[in-house]
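All remarks here apply to the structure that follows.
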Amino acid sequence: IPDKAFVPSYPLVERDRFLWIWMGEAAKADPARIVDVPWHRDSENWGHRHNVIPIKGSYMLMVDNLMDLTHLGYVHKRTVGGNPSQHVDAKMETSRTQNGVRYTRWMLASPPPPTYVAAYGFKGAIDRWQDFEWVAPSSVLQWNGAKDVGQGAYEGNRNGGFQFKIFHSLTPETETSCLYFWAAANGFKPGDSKATDEFVHQLAITFDEDKAIVEEQQRRLGEFGEDWLVNIASDGTRVQMRRVFEGMLADERKLAAE
């Protein structure tokens, strides 16, 4: 090897069945900032599977997709969707966190979507929740679930019923492509490997539907740009996320210029 040959190396941490690579200045690598995914360490209560999908779309478009779930009723009708109006009219609570934005949605007395019926056997209306936490810049923690109407889920008793957790992490590849890493955990039949496999299969269909939509969005944005886009009421959480993200970029650029 020539004396001047240089082989780059990067700090690497293995945690929660993921390899986290810091591609920036090595001295600034801080393992304490790695997103915690505790259910990956609890297979007794959360049987899980993981996968990765290449996306021909910006990683921020994928984060946008996760921050606005009103699309579920239209894009995911055959899996986790459900009634479109129930998604639009869901009870919403949004708050800032130390490292991002969190929101909770409730769809009370709503019809169960196909995946919920297939996985848990719901016979009638359900009280359904969706907890999402965006951890800047590109990870999302998700906890979804449902119980039969009137079983106390909305009042705080989420034990039992149908529930699952998903970890989403988007790694930029280029300005218009990314790798979508995801891991889903079964909290309703955690010891049933077959149930976990079937549930994850349903989610894979869902995420392929997201892939198709986001890739088409990216194509249209490449053709027409973003100046013609208009935010509507359901974009509120996504807009908060983008504002936090833009603020972080501005702070980073300011430090780099000093």
Subset of the stretch 127-150 [in contact with a strand residue (DSSP E or B) (Cβ under 7 Å, 6 or more places away or on another chain) and assigned to a loop (DSSP other than H, G, I, E, B)]: A136, S138, V149
Among the residues of the stretch 213-232, the number that are under 10 Å from G57 (Cβ atoms) and among the aliphatic types (A, V, I, L, M) is 3
Test for W143: is it under 26 Å from H40 (Cα atoms) and either among the β-branched types (V, I, T) or open to solvent by 50 Å² or more (accessible area, probe 1.4 Å) (or both): yes
Across the stretch 181-199, the tally of residues that are farther than 23 Å from S139 by Cα, part of a helix (DSSP H, G or I) and not polar (S, T, N, Q) stands at 4
Options Y103, Y74: the member that is free of Cβ contacts under 8 Å to residues at least 12 places away in the same chain and either over 20 Å from A212 (Cα atoms) or assigned to a helix (DSSP H, G or I) (or both): Y74
Pair list, Cβ < 9 Å and 6+ apart or interchain, from the stretch 206-232 residues that are open to solvent by 70 Å² or more (accessible area, probe 1.4 Å) to residues that are outside any loop (DSSP other than H, G, I, E, B) and of a type in the set (D, E, K, R): Q217/D64; N231/R238
Provide a single number: the residues in the stretch 194-210 that are in contact with a helix residue (DSSP H, G or I) (Cβ under 9 Å, 6 or more places away or on another chain) and within 20 Å of H71 (Cα to Cα). 6
If you take the residues of the stretch 151-166 that are touching a helix residue (DSSP H, G or I) at 6+ places or on another chain (Cβ under 8 Å), outside any loop (DSSP other than H, G, I, E, B) and open to solvent by less than 30 Å² (accessible area, probe 1.4 Å), which of them is nearest to R96 (Cα to Cα)? I166
Looking at (1) in a helix (DSSP H, G or I); (2) buried (at least 19 other Cβ atoms within 10 Å of the Cβ), find the lone condition where C178 falls short. (1)
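The values are calculated or read from the model by the stated rules, or taken from the named source; none is laboratory data. All values reported here derive from a predicted model rather than from experimental measurement. Cβ atoms come from the backbone with ideal geometry, glycine included; neighbour counts cover every protein chain shown. Just so you know, the surface numbers come from the protein's heavy atoms only, side chains and all, with ligands and any DNA or RNA stripped out. Shrake-Rupley method; radii C 1.70, N 1.55, O 1.52, S 1.80 Å.
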